[in-house]
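**Q** This is the structure, below, for whatever I ask next.
The values are calculated or read from the model by the stated rules, or taken from the named source; none is laboratory data. Just so you know, these numbers come straight off a predicted model, no measurement behind them. A quick note on method: Cβ atoms are made from the backbone with ideal geometry, for glycine too, and the neighbour counts reach across all protein chains shown. These area figures cover heavy atoms from the full protein model, side chains too; ligands, DNA and RNA do not enter into them. Shrake-Rupley method; radii C 1.70, N 1.55, O 1.52, S 1.80 Å.
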Amino acid sequence: MPGYRFVDRVALDGGDVVGMTALAMPSQDNLSLAFLMLTVRPERRREGIGSMLLDDALASARAAGRTVVQADTEWVAGAQDESGQFFAAPRGFVDAQTTVRSAMPLPADAELLRAYAGGDGVEDAAAFTVETAWDLPPQEWLADLAVLEQRMSTDAPLGETSFEEEVWDVARVERNYRWAADAGRRSLTAVARDGSTGGLVAFTVLQVPGHEPTLAYQHDTLVLREARGNRLGLRVKAAAALELQQALPQVTRVRTWNADDNRHMLAVNTELGYRPEGYLRVWERRLH
């Protein structure tokens, strides 16, 4: 992932890997943050391996001048956040945000998606046009996409997390798309264009990994505050889903995550056919 510095560790028992950490530290903005992934083999848990790995990761974050470490826990619908309750919380991490993981089965009703994408039933729907592009978007989109990505860091629900505003430009947008391509991912971007200004006011991005071609991941989706109320979130997500199932019919599911208090986007997802399947919680620990 461009724009990050990584510190990776493994815990070894003889020649066997029994646990690992990956610490990702932003190098462009949010320089106080470090993002931690930690896992221990299920059969080796409750032996102190996770605590040892955590202590090492926190030391690395402190040495790099980071003051907040974020870690995620996930669990399926109907279960409990055992990793959060029994590992993160007792070790000083605080619940900062909970998101809902949902999935949309494909193929979906193409006529319904086409109607949503066209803005059926929306007053002045013709004031906005919806466009899609695969992989690196057209050059003329990039400056507006940089604005939209920057606004993602301020306008999307962030709960109690410690994120600061990110700084985006055309070069950063291009780097992210090129990194995805180099990683074997196909990217699909759908945007809404304001007919009166010509500018992009909404976008959504889907990615399909080459190693898992039946599953698409919903990445950033945003409608600028000043353009809300026109169902543009629904329109761009419907257009992306329609293009996806037409171009890559092997994809049978789209997975997405949304803050549990983002009622509008959760309602959009429900309308499109997404159904909850699990949860993700962001935990933060402040370093002193």
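**Q** For the range 192-206, enumerate the residues that are in a loop (DSSP other than H, G, I, E, B) and either touching a residue at least 60 places away in the same chain (Cβ under 8 Å) or within 19 Å of the chain's Cα centre (by Cα) (or both).
**A** GLY195, SER196
Residue by residue, here is whether (1) buried (at least 20 other Cβ atoms within 10 Å of the Cβ); (2) touching a residue at least 12 places away in the same chain (Cβ under 8 Å); (3) out of contact with any Phe, Trp or Tyr (no Cβ under 9 Å at 6 or more places or on another chain); (4) not hydrophobic (A, V, I, L, M, F, W, C) holds:
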residue	(1), (2), (3), (4)
TRP141	yes, yes, no, no
TRP179	no, yes, yes, no
GLY184	no, yes, yes, yes
VAL208	yes, yes, no, no
LEU224	no, yes, yes, no
ARG231	yes, yes, no, yes
ARG235	yes, yes, no, yes
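**Q** If GLU160 satisfies every condition in (1) loosely packed, with under 14 Cβ neighbours inside 10 Å; (2) among the acidic types (Asp, Glu); (3) part of a helix (DSSP H, G or I) but one, which is the exception?
**A** With (1) loosely packed, with under 14 Cβ neighbours inside 10 Å; (2) among the acidic types (Asp, Glu); (3) part of a helix (DSSP H, G or I) applied to GLU160, the lone miss is (3).
**Q** Does the range 50-58 include one or more residues that are open to solvent by less than 20 Å² (accessible area, probe 1.4 Å), touching a Gly at 6+ places or on another chain (Cβ under 7 Å) and assigned to a helix (DSSP H, G or I)?
**A** Yes, some residue in the range 50-58 is open to solvent by less than 20 Å² (accessible area, probe 1.4 Å), touching a Gly at 6+ places or on another chain (Cβ under 7 Å) and assigned to a helix (DSSP H, G or I).
**Q** For HIS264, are the conditions met, namely being surrounded by fewer than 21 Cβ atoms within 10 Å (Cβ to Cβ), of a type outside the set (A, V, I, L, M) and more than 18 Å from the chain's Cα centre (by Cα)?
**A** No.
**Q** Are any of the residues in the range 18-29 open to solvent by 20 Å² or more (accessible area, probe 1.4 Å), β-branched (Val, Ile, Thr) and touching a strand residue (DSSP E or B) at 6+ places or on another chain (Cβ under 9 Å)?
**A** no
**Q** Could you identify the single residue in ARG9, ARG91 that is open to solvent by 30 Å² or more (accessible area, probe 1.4 Å), of a type outside the set (A, V, I, L, M) and in contact (Cβ under 8 Å) with a residue 60 or more places away in the chain?
**A** One residue alone meets the criteria, ARG91.
**Q** Out of (1) open to solvent by 10 Å² or more (accessible area, probe 1.4 Å); (2) outside any loop (DSSP other than H, G, I, E, B); (3) of a type in the set (Ser, Thr, Tyr), what's the single condition that is false for THR189?
**A** Unmet condition: (1).
**Q** Right, here's the next one. Step by step: first the residues of the range 95-107, then only those that are open to solvent by less than 30 Å² (accessible area, probe 1.4 Å) and more than 23 Å from GLY78 (Cβ to Cβ), then the one that is nearest to the chain's Cα centre (by Cα). Which residue is that?
**A** ALA96
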